[in-house]
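The values are calculated or read from the model by the stated rules, or taken from the named source; none is laboratory data. Since we're looking at a predicted model, the values are computed, not measured. All Cβ positions, glycine included, derive from the backbone under ideal geometry; neighbour counts span all protein chains shown. Note: accessible area is taken over every heavy atom of the protein model, side chains too, but ligands, DNA and RNA are not part of it. Shrake-Rupley method; radii C 1.70, N 1.55, O 1.52, S 1.80 Å.
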Amino acid sequence: MGQGMVMSGADLAIVDMNKEEAERQAKLIVETFKRDHPDATKVPKVTAHYADVSDPESVEACINEVIAAHGRIDNLVTSAGFTENFEATAYPIDRMRKLWAVNVDGTYLFATAVARHLMGRKAPGSMVFIGSMSGAIVNVPQPQAPYNSAKAAVRHLAASLAVEWAHAGIRVNCISPGYMLTALTQKILDDNPDLKRQWISLIPQGHMGKPEDLMGPVTFLLSDASSYVTGADLRVDGGYTVT
Ligand SMILES: NC(=O)c1ccc[n+]([C@@H]2O[C@H](COP(=O)([O-])OP(=O)(O)OC[C@H]3O[C@@H](n4cnc5c(N)ncnc54)[C@H](O)[C@@H]3O)[C@@H](O)[C@H]2O)c1
């Protein structure tokens, strides 16, 4: 997603609890840009920052750090999140609280902090929350009720904030990916080799998505090409949820 934004001319601040990985990705994005645009006169500024998105103080400190590095924030993509597969009757409550804190509180804390910054500048902006198709359907066979309901909350948070902040020119949309091959799903598939076959059998396009499949959708929603789109949920799932 970051690569899509930089290809479209944006500077970028990558935020993650794993700062080393954020730094590695920032370097990779700049190297890819330079490789693809050898004659470019301006190389995008891509920085890496630490935050625990579930912690209000950490989020505030991070936002200040990003503003110090870039001067301002115009757009936001919230993507930090994780899933776990426990049956609901056996889900440890501390794990469930942590899952909600990262997926839901993290989205809320970042969005409200960036909205305050935009409103303070009287500037418009666009936000994209990464939800999941799990916020609209129930995945099978793996049990993940807290994740599914957290992602439903993310989707409705986008719709609610879209309405609340429309007067300020701040658009808020949700992208709900289907099964994408990332570190998160790779770990689940490594533990359950049979699962990939089951998942793919339910995807009309017949394969899992790649992170690159989100470049276009996120760039569209952050750009003026979508200036009359707010409160929407864009499913990027190979057709999974329409069957
Ligand atoms: N992979 C999929 O199939 C899929 C499908 C639908 C939705 N999603 C959603 O997409 C988003 C990204 O998932 P992914 O597959 O890239 O997972 P991932 O595990 O590869 O990446 C998640 C990132 O979030 C970071 N993170 C976790 N907790 C954090 C915290 N408290 N503060 C800051 N950063 C934190 C991790 O360090 C990691 O870099 C998640 O919200 C996930 O729920 C993924």
Being closer than 18 Å to MET17 by Cβ, part of a loop (DSSP other than H, G, I, E, B) and in contact with a strand residue (DSSP E or B) (Cβ under 9 Å, 6 or more places away or on another chain) is the requirement here; does VAL66 meet it?
no
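Name the residues in the stretch 183-198 that are of a type outside the set (D, E, K, R), open to solvent by 80 Å² or more (accessible area, probe 1.4 Å) and within 13 Å of the ligand (Cβ to nearest atom), would you? So that I can check it myself, show each step before the final result.
Within the stretch 183-198, the first condition is being of a type outside the set (D, E, K, R), and the residues that meet it are 183-186, 188-189, 192-193, 195, 198.
Then keep just the ones that are open to solvent by 80 Å² or more (accessible area, probe 1.4 Å); that gives 183, 193.
Scanning the stretch 183-198 gives a single hit, ALA183.
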Every pair of residues 6+ apart whose Cβ atoms lie under 6 Å, when the first sits in the stretch 41-58 and is at negative phi and near the ligand (Cβ under 10 Å from one of its atoms) while the second is among the charged types (D, E, K, R) and in a strand (DSSP E or B)
none
Here is a list of conditions, (1) within 16 Å of the ligand (Cβ to nearest atom); (2) of a type in the set (Asp, Glu); (3) open to solvent by 80 Å² or more (accessible area, probe 1.4 Å), and GLU31 meets all of them except one; can you say which number that is?
(1)
Residue pairs within 7 Å by beta carbon, gap of at least six or interchain, first lying in the stretch 89-118 and assigned to a helix (DSSP H, G or I), second of a type in the set (S, T, N, Q), listed first then second, are ALA101/SER54; VAL102/SER54; ASP105/SER54; GLY106/SER54; GLY106/THR78; THR107/THR78; PHE110/THR78; ALA111/THR78
What residue, among those in the stretch 118-144 that are more than 11 Å from the ligand (Cβ to nearest atom) and under 19 Å from ASN192 (Cα atoms), is least open to solvent (accessible area, probe 1.4 Å)?
GLN142
Across (1) surrounded by fewer than 18 Cβ atoms within 10 Å (Cβ to Cβ); (2) modelled with pLDDT of 95 or more, ASN85 clears everything bar (2)
Of all residues in the stretch 7-23 being assigned to a loop (DSSP other than H, G, I, E, B) and near the ligand (Cβ under 8 Å from one of its atoms), which is most open to solvent (accessible area, probe 1.4 Å)?
MET17
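Looking only at the stretch 183-193, decide whether some residue is at pLDDT 95 or above and under 27 Å from ALA101 (Cβ atoms).
No; the residues of the stretch 183-193 include none that is at pLDDT 95 or above and under 27 Å from ALA101 (Cβ atoms).
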Would you check if there is a residue in the stretch 216-228 being buried (at least 18 other Cβ atoms within 10 Å of the Cβ), touching a Phe, Trp or Tyr at 6+ places or on another chain (Cβ under 8 Å), closer than 23 Å to VAL140 by Cβ and touching a residue at least 40 places away in the same chain (Cβ under 8 Å)?
no
Could you look through the stretch 199-211, keep only residues that are within 14 Å of the ligand (Cβ to nearest atom) and more than 14 Å from VAL236 (Cα to Cα), and pick out the one that is surrounded by the most Cβ atoms within 10 Å (Cβ to Cβ)?
TRP199
With the requirement that a residue be in a helix (DSSP H, G or I) and within 21 Å of ASP233 (Cβ to Cβ), what does the stretch 119-151 give you?
MET133, SER134, GLY135, ALA145, PRO146, TYR147, ASN148, SER149, ALA150, LYS151
Within the stretch 172-182, can one find any residue that is within 13 Å of the ligand (Cβ to nearest atom) and open to solvent by 50 Å² or more (accessible area, probe 1.4 Å)?
yes
Evaluate the stretch 91-109: report whether one residue or more is in contact with a strand residue (DSSP E or B) (Cβ under 8 Å, 6 or more places away or on another chain) and modelled with pLDDT of 95 or more.
yes
Take ASP74 and decide whether it is open to solvent by 30 Å² or more (accessible area, probe 1.4 Å), in contact with a Pro (Cβ under 7 Å, 6 or more places away or on another chain) and under 28 Å from PRO124 (Cβ atoms).
no
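Of the residues VAL104, VAL30, only one is assigned by TED's automatic domain parsing to the domain that holds GLY2 and out of contact with any Phe, Trp or Tyr (no Cβ under 8 Å at 6 or more places or on another chain); which?
Details: VAL104 fails: assigned by TED's automatic domain parsing to the domain that holds GLY2.
After applying the criteria, what remains is VAL30.
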